[in-house]
Structures are given as structure tokens and as C-alpha cells.
1. Glu7 - would you say it is open to solvent by 100 Å² or more (accessible area, probe 1.4 Å), acidic (Asp, Glu) and without any contact (Cβ under 8 Å) to a residue 40 or more places away in the chain?
2. Residues that are buried (at least 19 other Cβ atoms within 10 Å of the Cβ) and at pLDDT 95 or above: find the strands (runs of 3 or more DSSP E) completely inside region 84-176 holding 2 or more of those.
3. Quick one: count up the residues across region 18-41 that are over 21 Å from Ile136 (Cα atoms) and open to solvent by less than 80 Å² (accessible area, probe 1.4 Å).
4. Exactly one condition in (1) touching a helix residue (DSSP H, G or I) at 6+ places or on another chain (Cβ under 9 Å); (2) assigned to a loop (DSSP other than H, G, I, E, B) is false for Leu18; which is it?
5. Of the numbered conditions (1) touching a residue at least 60 places away in the same chain (Cβ under 8 Å); (2) closer than 21 Å to Met157 by Cβ; (3) in a loop (DSSP other than H, G, I, E, B); (4) not charged (D, E, K, R), Pro34 fails exactly one; give the number of that condition.
Amino acid sequence: MAGLNIEDIRKLDDFAVLYKWDVQFAAPSGVAFPSQEDINVRCLSSSLPTSAVQSIDIQIRGHHIKQAGISDDDHVITLTMAETVDNTVHTMLHNWREAIWKSGSGYQVKRAEYQTDFLLHRLNQQDEVIWHYKIIGAYLEGMDWGGELGGDTSDIMRPVMTLSYDYFTMGAGPGG
């Protein structure tokens, strides 16, 4: 078999890139949220959901094999947002946080009212969906409000949402 050459690479389809994607984020029913378009345009980056398979070690009389065991998702995903002076992202995070645990009283809306499902779409160069991740049962687990205030840097506030989720599905096309 001959070695790899440039023509082998040229025969491949367009490569998937990290900068062509979008997010479709539905508001939890019990939380005041900005529109899907506002969230999508403000979302700077997103981690992708991950899974792992636990291995079972089996050792019998000096022989060692492994067998696949339980598969489980990481159950955590992060989205980094761009804040504007109208405080759209801070207001959204505040509202979500207060629905989950009201400051001063600990009152919570029902789980179904603070959880949501959302889609991450990977896009080709023509902005067509080539792969989707559907995140199911997501809620706000943690937040970083966007950086450290100071006078020594020129940057924007980049709040980070850490979301817990129940599970995810994925596949080719838009999903839904």
C-alpha cells in the first residue's frame, strides 16, 4: 500500500469547522427568558456533551479481559455568553437562579418549570445543519457572572452558564 499523498486529502469532503454552529434554546416554562434569537446571537461558545463507558475488569486465573459496562453521560455542559449593557444575560441568569432557589426563602418552582431542552446544531459552510445534539432536562447549575472587574484590560463581560442535564441525543440533520 502506498503512503498518503495530497490527492488523498483533496478527495475528502469539506471539513467540519468549530465556528459554524447555533443554539436553539427554549425558555423554561417558569422562567422569564430572552428570545431564542437573543440567546443564539449572544452565545459565544459551547462545550459539547460527552459520554463514557465504564469498563468491567474480569480476572480469572491469571487472565485479564475487559467488558463494557454502564454507559453514562457527563450531565454537564457550559455555554459562554456575551453580555450587553441592557443586562440581557445577567437578567436571564438571575431569573433562572431565582426560579431554582429564591434568595432569602429557598422557594423553588417545580422541576418541570425550571428545566428545558435545547439543541446545538453544527453547520456546514452553507449554514445547513449537518449534526445536532439535543440536550434534555437542562437546568442552571452554576454561573460565572462574566469576569473580574478592573481597569487593566479591554474586554467584554463573558458570563458562563454551567448546565446540568438528564441526557442527550444526537444525530445527522436538525433533530428536534
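1. Numbers: open to solvent by 100 Å² or more (accessible area, probe 1.4 Å): no; acidic (Asp, Glu): yes; without any contact (Cβ under 8 Å) to a residue 40 or more places away in the chain: yes.
No, not satisfied.
2. Where strands (runs of 3 or more DSSP E) fall fully within region 84-176 and carry at least 2 residues being buried (at least 19 other Cβ atoms within 10 Å of the Cβ) and at pLDDT 95 or above, they are 116-123, 129-144, 160-164.
3. The number of residues fulfilling the criteria is 1.
4. (1)
5. Pro34 satisfies all of (1) touching a residue at least 60 places away in the same chain (Cβ under 8 Å); (2) closer than 21 Å to Met157 by Cβ; (3) in a loop (DSSP other than H, G, I, E, B); (4) not charged (D, E, K, R) except (1).
The values are calculated or read from the model by the stated rules, or taken from the named source; none is laboratory data. Quick caveat, the model's predicted, so the values are computed rather than measured. Here the Cβ is made from the backbone with ideal geometry for all residues, glycine too, and neighbour counts use every protein chain on show. Remember, those area values only see protein heavy atoms, side chains included, never the ligands or the DNA or RNA. Shrake-Rupley method; radii C 1.70, N 1.55, O 1.52, S 1.80 Å.
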